[in-house]
1. Could we say that T77 is touching a residue at least 12 places away in the same chain (Cβ under 8 Å) and of a type in the set (S, T, Y) here?
Amino acid sequence: MRNAGILLVLLLTGCVSHGGIRPLRPLEIATEPYQETVTAGLIGSLMYEGGCLLFRDDESKAVLLPVWPTGSIFNGTSVIFHQRGKADQPVVVGEEFVLEGRPAQWSALSATAYPPFQQQCAAQPFMVARVRPAD
């Protein structure tokens, strides 16, 4: 009986999370409170690869991780871009558009929310301020 109690404790200890980085949930996107600073405008399109919603710049071929304003959602085929005081705007995966905002460093983002994105997506974060159709 004593051995069964020890075995039960060992089994339960193995079930406890030790703070490791969890995988991203399906259709999860990086979000942050809206920031209106724009230092770059890039033309490209969204792609969903390896569980990550990424942006590929047509000119430089760089792949970025868009960090969308809080309230934006991803439904698998498009992002519904949320900007306070304006109508939500859909951006379809694969559609060419202009992404405006600013590059960010991982160290400037929340240490609790972004490690899964950094580990799984491995692309530079880009704070999204505006989106518009490409001309």
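The values are calculated or read from the model by the stated rules, or taken from the named source; none is laboratory data. Bear in mind that the values here come from a model prediction, so they are computed numbers and not experimental data. Neighbour counts are summed over all protein chains in view; Cβ atoms, including those assigned to glycine, are modelled from backbone coordinates with ideal geometry.
1. Yes; evaluated as a whole, the condition is true for this residue.
For (1) at pLDDT 95 or above; (2) within 15 Å of the chain's Cα centre (by Cα), each residue gets a yes or a no:
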{"residue": "L8", "(1), (2)": "no, no"}
{"residue": "R22", "(1), (2)": "no, yes"}
{"residue": "Q35", "(1), (2)": "no, no"}
{"residue": "I43", "(1), (2)": "yes, no"}
{"residue": "R56", "(1), (2)": "yes, yes"}
{"residue": "A62", "(1), (2)": "yes, no"}
